[in-house]
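**Q** Sending over a structure as structure tokens; questions will come in a sec.
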Amino acid sequence: MKKLTALVIALMTVLTLMIPMFASADYTQLPSTMWVNCADGKRLNVREEASTNSKLLYRIDCGTRVEIIYTVDSAKGWAYVRPQGHAQGGFVMTKFLVDRQPSKYEITERSDNFRNVTPYYVTAKALNGKTDNSVGLRVSPNKTAKMVRRLNAGDRLQVVAVGKTWSKVIDLATGRTGYMANDYMIRI
């Protein structure tokens, strides 16, 4: 009887030690809360399974907070999440999750969010009391996008299209088109 008890205990110990090894093969750990930050201001697809071919359950906006339930370690990287404001969870691609809430300037606006306007003139606004290198003129409407050039306070621009947070402008000094945050310009 002692041999059988010892064998059962040894088998249970081995199996208990193997559980983390099996779990790590399929799942990885992310912070318990993350935020959505999609490319080009698109909405993030929430799917029934961890596959782009899986049924689409719903979409969530950039900047939405999500609770990470678990992550699946695969070539694409998927997480099962429960988004803020949704009772039903689903799978999302982890490459669109960030560990801090993105600022409004880090969320790229979609090109179809911009509306053409009758062109008008603005000047670059000085930041924090500085008079030079006030703000970047960007190739796309996102503060992490490549910079066309650094604008000085007072540099003149022509606004040709307006979005929620950014405007499409023409730099009058160079003739180049780019994007500038609305908060960083003054209409003249």
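**Q** Would you kindly state how much longer the chain becomes between K104 and R43 on full extension, computed as 0.36 nm times their sequence separation minus their alpha carbon distance, in nm to one decimal? Spell out each step's value before the answer.
**A** Numbers: separation 61, 0.36 × 61 = 21.96 nm, distance 1.48 nm.
The K104-R43 span can extend by a further 20.5 nm.
**Q** Roughly speaking, what is the stretch gain from T177 to A145, that is 0.36 nm per residue apart minus the C-alpha to C-alpha distance, in nm to one decimal?
**A** Gain in length upon complete extension: 10.1 nm.
**Q** Please compare each pair in K42/K104; K76/K146; K42/K168; K42/K146 to a cut-off of 24 Å on the Cα-Cα distance and tell me which ones are over it.
**A** In this structure, K76/K146 exceed 24 Å between Cα atoms.
**Q** Among rounded, prolate and oblate, which fits segment 115-188 when a ≥ b ≥ c are the square roots of the eigenvalues of its C-alpha gyration tensor, a/c under 1.5 means rounded, and a/b larger than b/c means prolate?
**A** Working: a/c = 1.44, a/b = 1.23, b/c = 1.17.
Rounded is the answer for segment 115-188, as its axis ratio a/c remains below 1.5.
**Q** Right, something else. Can you tell which of N152, Y179, S140 lies farthest toward the positive end of the dipole of segment 111-187, using +1 and -1 charges on the Cβ of basic and acidic side chains (Lys, Arg; Asp, Glu)?
**A** Looking along the dipole axis, the top candidate is S140.
**Q** For segment 111-187, with only Lys/Arg (+1) and Asp/Glu (-1) charged at the beta-carbon, what is the dipole magnitude about the Cα centre, in debye rounded to 20?
**A** Values: 13 positive and 5 negative charges, 21 e Å.
Dipole magnitude for segment 111-187 comes out near 100 debye.
Every read-out reported here was derived from the displayed coordinates using simple, explicitly stated rules and does not represent laboratory data. All values reported here derive from a predicted model rather than from experimental measurement. Note: ideal-geometry Cβ built from the backbone for every residue, glycine included; neighbour counts use all protein chains shown.
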